[in-house]
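Visitor: Quick one: this structure, given as C-alpha coordinates, is what I'll be asking you about.
The values are calculated or read from the model by the stated rules, or taken from the named source; none is laboratory data. If you're wondering where the values come from, they're calculated on a predicted model, not measured in any experiment. Backbone-built Cβ (ideal geometry, glycine too); neighbour counts: all protein chains shown.
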Amino acid sequence: GDSVTQMEGPVTLSEEAFLTINCTYTATGYPSLFWYVQYPGEGLQLLLKATKADDKGSNKGFEATYRKETTSFHLEKGSVQVSDSAVYFCALTPMYSGGGADGLTFGKGTHLIIQP
Amino acid sequence: EPEVTQTPSHQVTQMGQEVILRCVPISNHLYFYWYRQILGQKVEFLVSFYNNEISEKSEIFDDQFSVERPDGSNFTLKIRSTKLEDSAMYFCASSEGAVTSARREQFFGPGTRLTVL
(Lines give C-alpha, C1' and ligand atoms only; values in the text may rest on other atoms or scores of the structure.)
Protein backbone atom coordinates (compact mmCIF):
# COMPACT_ATOMS: atom_id res chain seq x y z
CA GLY A 1 0.00 0.00 0.00
CA ASP A 2 0.87 3.66 -0.08
CA SER A 3 3.31 5.00 2.49
CA VAL A 4 5.13 8.18 3.46
CA THR A 5 8.50 8.35 5.18
CA GLN A 6 9.82 11.53 6.73
CA MET A 7 12.79 12.34 8.87
CA GLU A 8 12.39 11.77 12.55
CA GLY A 9 12.57 14.68 14.93
CA PRO A 10 12.92 16.70 16.87
CA VAL A 11 14.78 19.06 14.59
CA THR A 12 16.23 22.01 16.48
CA LEU A 13 17.44 25.08 14.61
CA SER A 14 18.35 28.65 15.41
CA GLU A 15 16.24 31.50 14.10
CA GLU A 16 17.06 32.47 10.50
CA ALA A 17 18.61 29.07 9.76
CA PHE A 18 17.80 27.16 6.58
CA LEU A 19 15.30 24.34 6.98
CA THR A 20 14.95 21.06 5.12
CA ILE A 21 12.59 18.30 6.20
CA ASN A 22 12.89 15.24 4.01
CA CYS A 23 9.88 13.32 2.76
CA THR A 24 9.76 10.33 0.42
CA TYR A 25 6.77 8.32 -0.62
CA THR A 26 5.70 5.00 -2.08
CA ALA A 27 2.57 5.04 -4.21
CA THR A 28 1.22 3.95 -7.56
CA GLY A 29 1.26 6.47 -10.36
CA TYR A 30 1.12 10.15 -9.53
CA PRO A 31 -0.36 10.82 -6.09
CA SER A 32 -1.09 14.31 -4.83
CA LEU A 33 1.35 15.44 -2.16
CA PHE A 34 0.79 17.68 0.84
CA TRP A 35 2.52 19.22 3.81
CA TYR A 36 0.36 19.81 6.88
CA VAL A 37 1.43 21.72 9.98
CA GLN A 38 0.18 21.22 13.53
CA TYR A 39 0.84 24.04 15.99
CA PRO A 40 0.71 23.21 19.71
CA GLY A 41 -2.84 22.50 20.85
CA GLU A 42 -4.31 22.94 17.38
CA GLY A 43 -5.51 20.77 14.52
CA LEU A 44 -3.84 20.12 11.19
CA GLN A 45 -3.54 22.96 8.72
CA LEU A 46 -2.64 22.54 5.08
CA LEU A 47 0.66 24.29 4.45
CA LEU A 48 1.19 23.54 0.75
CA LYS A 49 0.44 20.98 -1.93
CA ALA A 50 1.49 19.72 -5.35
CA THR A 51 -0.58 17.58 -7.66
CA LYS A 52 1.78 16.58 -10.46
CA ALA A 53 5.44 15.96 -11.13
CA ASP A 54 7.71 19.03 -11.02
CA ASP A 55 5.00 21.14 -9.40
CA LYS A 56 6.28 23.42 -6.66
CA GLY A 57 3.97 24.19 -3.77
CA SER A 58 4.69 27.27 -1.69
CA ASN A 59 3.18 29.16 1.22
CA LYS A 60 4.44 31.41 4.04
CA GLY A 61 8.03 31.12 2.81
CA PHE A 62 7.91 27.32 2.74
CA GLU A 63 8.22 25.42 -0.51
CA ALA A 64 8.40 21.83 -1.73
CA THR A 65 8.89 20.38 -5.20
CA TYR A 66 7.24 17.16 -6.39
CA ARG A 67 10.09 14.97 -7.65
CA LYS A 68 8.75 11.90 -9.38
CA GLU A 69 12.22 10.52 -10.21
CA THR A 70 13.22 10.42 -6.54
CA THR A 71 9.66 10.03 -5.15
CA SER A 72 10.33 12.94 -2.83
CA PHE A 73 8.62 16.09 -1.60
CA HIS A 74 11.12 17.77 0.72
CA LEU A 75 10.01 20.83 2.64
CA GLU A 76 12.34 23.85 2.68
CA LYS A 77 12.42 27.34 4.09
CA GLY A 78 15.24 29.80 3.70
CA SER A 79 15.02 31.53 7.08
CA VAL A 80 12.96 30.03 9.90
CA GLN A 81 11.31 31.96 12.71
CA VAL A 82 10.42 30.97 16.26
CA SER A 83 6.77 31.00 15.18
CA ASP A 84 7.50 28.13 12.76
CA SER A 85 7.94 25.77 15.71
CA ALA A 86 5.37 23.03 15.13
CA VAL A 87 4.97 19.46 13.93
CA TYR A 88 5.09 19.04 10.15
CA PHE A 89 3.42 16.13 8.38
CA CYS A 90 4.00 14.99 4.84
CA ALA A 91 0.96 13.26 3.29
CA LEU A 92 -0.43 11.92 0.04
CA THR A 93 -3.66 10.93 -1.63
CA PRO A 94 -3.77 8.45 -4.52
CA MET A 95 -3.87 9.47 -8.14
CA TYR A 96 -7.09 7.59 -8.71
CA SER A 97 -9.75 6.21 -6.47
CA GLY A 98 -12.90 4.37 -7.34
CA GLY A 99 -14.73 5.85 -4.40
CA GLY A 100 -13.44 9.39 -4.59
CA ALA A 101 -13.22 10.01 -0.85
CA ASP A 102 -9.86 8.52 -0.04
CA GLY A 103 -8.11 9.30 3.15
CA LEU A 104 -4.73 10.91 3.40
CA THR A 105 -1.74 8.75 4.14
CA PHE A 106 0.52 10.59 6.57
CA GLY A 107 4.14 10.33 7.58
CA LYS A 108 5.00 10.18 11.28
CA GLY A 109 5.55 13.91 11.57
CA THR A 110 8.66 15.96 12.29
CA HIS A 111 8.75 18.14 15.37
CA LEU A 112 10.53 21.40 14.53
CA ILE A 113 11.89 23.57 17.33
CA ILE A 114 13.25 27.02 16.50
CA GLN A 115 15.35 28.71 19.15
CA PRO A 116 15.75 32.49 19.30
CA GLU B 1 -13.47 31.91 7.32
CA PRO B 2 -15.46 28.67 7.53
CA GLU B 3 -13.93 25.96 9.67
CA VAL B 4 -14.54 22.44 10.88
CA THR B 5 -15.56 22.29 14.53
CA GLN B 6 -15.46 19.34 16.92
CA THR B 7 -16.98 18.67 20.31
CA PRO B 8 -16.03 17.93 22.97
CA SER B 9 -12.41 19.00 22.99
CA HIS B 10 -11.61 16.37 25.62
CA GLN B 11 -13.59 13.27 26.57
CA VAL B 12 -12.76 10.94 29.41
CA THR B 13 -14.55 7.60 29.61
CA GLN B 14 -14.35 4.24 31.28
CA MET B 15 -13.32 1.16 29.35
CA GLY B 16 -16.35 -0.56 27.85
CA GLN B 17 -18.44 2.61 27.62
CA GLU B 18 -19.82 4.02 24.41
CA VAL B 19 -18.66 7.42 23.21
CA ILE B 20 -19.87 9.69 20.45
CA LEU B 21 -17.55 12.27 18.99
CA ARG B 22 -19.18 15.12 17.11
CA CYS B 23 -18.07 17.19 14.17
CA VAL B 24 -19.62 19.98 12.15
CA PRO B 25 -18.00 20.02 8.70
CA ILE B 26 -17.80 23.10 6.51
CA SER B 27 -21.30 23.70 5.21
CA ASN B 28 -20.81 23.26 1.44
CA HIS B 29 -18.51 20.25 1.77
CA LEU B 30 -19.68 16.84 0.63
CA TYR B 31 -16.92 14.49 1.77
CA PHE B 32 -16.22 13.75 5.42
CA TYR B 33 -13.42 11.92 7.17
CA TRP B 34 -12.27 10.70 10.56
CA TYR B 35 -8.64 10.25 11.51
CA ARG B 36 -6.93 9.39 14.77
CA GLN B 37 -3.53 10.17 16.22
CA ILE B 38 -2.28 8.06 19.10
CA LEU B 39 0.09 10.10 21.25
CA GLY B 40 3.49 10.35 19.62
CA GLN B 41 2.44 8.47 16.51
CA LYS B 42 1.33 9.42 13.04
CA VAL B 43 -2.11 10.49 11.97
CA GLU B 44 -4.08 7.47 10.70
CA PHE B 45 -7.07 7.41 8.41
CA LEU B 46 -10.16 5.71 9.82
CA VAL B 47 -13.07 6.28 7.46
CA SER B 48 -14.49 8.49 4.74
CA PHE B 49 -18.13 9.23 4.09
CA TYR B 50 -19.99 10.53 1.06
CA ASN B 51 -23.61 10.63 0.00
CA ASN B 52 -24.73 9.19 3.32
CA GLU B 53 -22.60 6.10 3.18
CA ILE B 54 -19.10 4.95 3.97
CA SER B 55 -16.83 5.43 0.99
CA GLU B 56 -13.66 3.87 2.34
CA LYS B 57 -12.46 2.52 5.67
CA SER B 58 -9.16 1.35 7.06
CA GLU B 59 -8.45 -1.87 8.92
CA ILE B 60 -8.61 0.12 12.16
CA PHE B 61 -12.30 0.86 11.57
CA ASP B 62 -13.75 -2.39 12.86
CA ASP B 63 -17.24 -3.25 14.08
CA GLN B 64 -16.74 -1.18 17.23
CA PHE B 65 -16.80 1.98 15.15
CA SER B 66 -19.65 3.58 13.26
CA VAL B 67 -20.27 6.91 11.60
CA GLU B 68 -23.44 8.81 10.96
CA ARG B 69 -24.68 12.06 9.54
CA PRO B 70 -27.81 12.44 11.68
CA ASP B 71 -28.82 15.78 10.19
CA GLY B 72 -27.64 18.29 7.62
CA SER B 73 -24.79 19.64 9.71
CA ASN B 74 -23.36 17.03 12.09
CA PHE B 75 -21.06 14.11 11.41
CA THR B 76 -20.47 11.70 14.27
CA LEU B 77 -18.08 8.90 15.16
CA LYS B 78 -19.34 6.32 17.64
CA ILE B 79 -17.15 3.86 19.47
CA ARG B 80 -19.43 1.17 20.84
CA SER B 81 -17.32 -0.29 23.63
CA THR B 82 -14.14 1.65 24.25
CA LYS B 83 -10.80 -0.02 24.89
CA LEU B 84 -7.69 1.41 26.46
CA GLU B 85 -6.01 1.47 23.06
CA ASP B 86 -8.72 3.77 21.69
CA SER B 87 -7.15 6.61 23.66
CA ALA B 88 -6.05 9.09 20.99
CA MET B 89 -6.76 12.43 19.39
CA TYR B 90 -9.56 12.08 16.86
CA PHE B 91 -9.69 14.52 13.97
CA CYS B 92 -12.62 15.18 11.71
CA ALA B 93 -12.02 16.59 8.22
CA SER B 94 -14.12 17.61 5.26
CA SER B 95 -13.54 18.42 1.62
CA GLU B 96 -15.60 20.04 -1.07
CA GLY B 97 -14.62 17.62 -3.80
CA ALA B 98 -13.37 14.11 -4.32
CA VAL B 99 -9.74 13.15 -3.95
CA THR B 100 -9.29 13.22 -7.71
CA SER B 101 -10.78 16.69 -8.15
CA ALA B 102 -9.27 20.14 -7.91
CA ARG B 103 -11.29 20.73 -4.74
CA ARG B 104 -9.77 17.86 -2.85
CA GLU B 105 -8.20 19.80 0.01
CA GLN B 106 -9.21 18.34 3.35
CA PHE B 107 -9.86 20.83 6.12
CA PHE B 108 -9.29 19.52 9.63
CA GLY B 109 -10.98 20.29 12.90
CA PRO B 110 -9.04 20.92 16.13
CA GLY B 111 -9.59 17.37 17.36
CA THR B 112 -11.16 15.59 20.32
CA ARG B 113 -8.79 14.04 22.81
CA LEU B 114 -10.29 10.75 23.99
CA THR B 115 -8.93 9.22 27.19
CA VAL B 116 -10.10 5.72 28.09
CA LEU B 117 -9.47 4.69 31.70
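Visitor: Could you look through segment A:1-40, keep only residues that are closer than 18 Å to B:Gln41 by Cβ and among the small types (Gly, Ala, Ser), and pick out the one that is surrounded by the most Cβ atoms within 10 Å (Cβ to Cβ)?
Guide: Once the filter is applied, the top-ranked residue is A:Gly9.
Visitor: So, one more: Quick one: which strands (runs of 3 or more DSSP E) lie wholly within segment B:35-100 and hold at least 2 residues that are within 9 Å of chain A (Cβ to nearest Cβ)?
Guide: On the way: elements: B:43-50, B:53-57, B:65-68, B:75-79, B:88-95.
Once the strands (runs of 3 or more DSSP E) in segment B:35-100 are filtered for at least 2 residues that are within 9 Å of chain A (Cβ to nearest Cβ), what remains is B:43-50, B:53-57, B:88-95.
Visitor: Among the candidates B:Glu68, B:Glu96, B:Glu85, single out the residue that is surrounded by fewer than 15 Cβ atoms within 10 Å (Cβ to Cβ) and over 14 Å from the mean Cα position of the chain (by Cα). Break it down stepwise before answering.
Guide: Working: B:Glu68 fails: over 14 Å from the mean Cα position of the chain (by Cα); B:Glu96 fails: surrounded by fewer than 15 Cβ atoms within 10 Å (Cβ to Cβ).
Every option except B:Glu85 fails the conditions.
Visitor: Separate question: So which residues in segment A:72-95 are surrounded by fewer than 19 Cβ atoms within 10 Å (Cβ to Cβ), more than 13 Å from the chain's Cα centre (by Cα) and more than 14 Å from every other protein chain (Cβ to nearest Cβ), if there are any at all?
Guide: Hits for segment A:72-95 are A:Gly78, A:Ser79, A:Gln81, A:Val82, A:Ser83, A:Ser85.
Visitor: Quick check on this structure: which one of B:Arg22, B:Arg36, B:Arg80 is under 17 Å from B:Thr115 (Cα atoms) and surrounded by 21 or more Cβ atoms within 10 Å (Cβ to Cβ)?
Guide: Exactly one residue qualifies, and that residue is B:Arg36.
Visitor: Would you confirm whether any residue within segment A:97-107 is farther than 20 Å from B:Phe107 by Cβ and either in contact (Cβ under 8 Å) with a residue 40 or more places away in the chain or surrounded by 14 or more Cβ atoms within 10 Å (Cβ to Cβ) (or both)?
Guide: Here is the first cut: in segment A:97-107, the residues farther than 20 Å from B:Phe107 by Cβ are A:98.
Remaining after also requiring either in contact (Cβ under 8 Å) with a residue 40 or more places away in the chain or surrounded by 14 or more Cβ atoms within 10 Å (Cβ to Cβ) (or both): none.
No: segment A:97-107 contains no residue that is farther than 20 Å from B:Phe107 by Cβ and either in contact (Cβ under 8 Å) with a residue 40 or more places away in the chain or surrounded by 14 or more Cβ atoms within 10 Å (Cβ to Cβ) (or both).
Visitor: For B:Leu117, only one of the following conditions fails: (1) surrounded by fewer than 18 Cβ atoms within 10 Å (Cβ to Cβ); (2) at the interface with chain A (Cβ under 8 Å from one of its Cβ atoms); (3) modelled with pLDDT of 95 or more. What is its number?
Guide: (2)
Matching residues to (1) of a type outside the set (Asp, Glu); (2) farther than 17 Å from A:Glu8 by Cα:
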| residue | (1), (2) |
| --- | --- |
| A:Trp35 | yes, no |
| A:Glu42 | no, yes |
| A:Ser58 | yes, yes |
| A:His74 | yes, no |
| A:Val87 | yes, no |
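Visitor: Right, A:Glu63: more than 8 Å from chain B (Cβ to nearest Cβ), touching a residue at least 24 places away in the same chain (Cβ under 8 Å) and of a type in the set (Asp, Glu) or not?
Guide: Working: more than 8 Å from chain B (Cβ to nearest Cβ): yes; touching a residue at least 24 places away in the same chain (Cβ under 8 Å): no; of a type in the set (Asp, Glu): yes.
Taking the combined requirement at face value, the residue does not satisfy it.
Visitor: Ok, one more. Return only the number of the condition from (1) aliphatic (A, V, I, L, M); (2) more than 11 Å from the chain's Cα centre (by Cα); (3) within 14 Å of chain B (Cβ to nearest Cβ) that A:Ala50 does not satisfy.
Guide: Among (1) aliphatic (A, V, I, L, M); (2) more than 11 Å from the chain's Cα centre (by Cα); (3) within 14 Å of chain B (Cβ to nearest Cβ), the lone unmet condition for A:Ala50 is (2).
Visitor: Next question, about the same structure. Select from segment B:24-72 the residues that are among the basic types (Lys, Arg) and modelled with pLDDT of 90 or more and list them in ascending order. Lay out the reasoning, then the answer.
Guide: Of segment B:24-72, the ones among the basic types (Lys, Arg) are B:36, B:42, B:57, B:69.
B:Arg36, B:Lys57, B:Arg69, listed by residue number.
Visitor: Now for a separate question. Any residue that is within 9 Å of another protein chain (Cβ to nearest Cβ), more than 28 Å from A:Tyr30 (Cα to Cα) and outside any strand (DSSP E or B) - is there at least one of those in segment B:4-16? It would help to see each step written out before you state the result.
Guide: Here is the first cut: in segment B:4-16, the residues within 9 Å of another protein chain (Cβ to nearest Cβ) are B:4, B:6.
Keeping just the survivors that are more than 28 Å from A:Tyr30 (Cα to Cα) gives B:4, B:6.
From what is left, the residues that are outside any strand (DSSP E or B) are B:4.
Checking segment B:4-16: at least one residue is within 9 Å of another protein chain (Cβ to nearest Cβ), more than 28 Å from A:Tyr30 (Cα to Cα) and outside any strand (DSSP E or B).
Visitor: Taking only segment A:88-107 into account, find how many residues are under 20 Å from A:Thr24 (Cα atoms) and either at pLDDT below 75 or of a type in the set (Val, Ile, Thr) (or both).
Guide: Looking only at that region, the number is 4.
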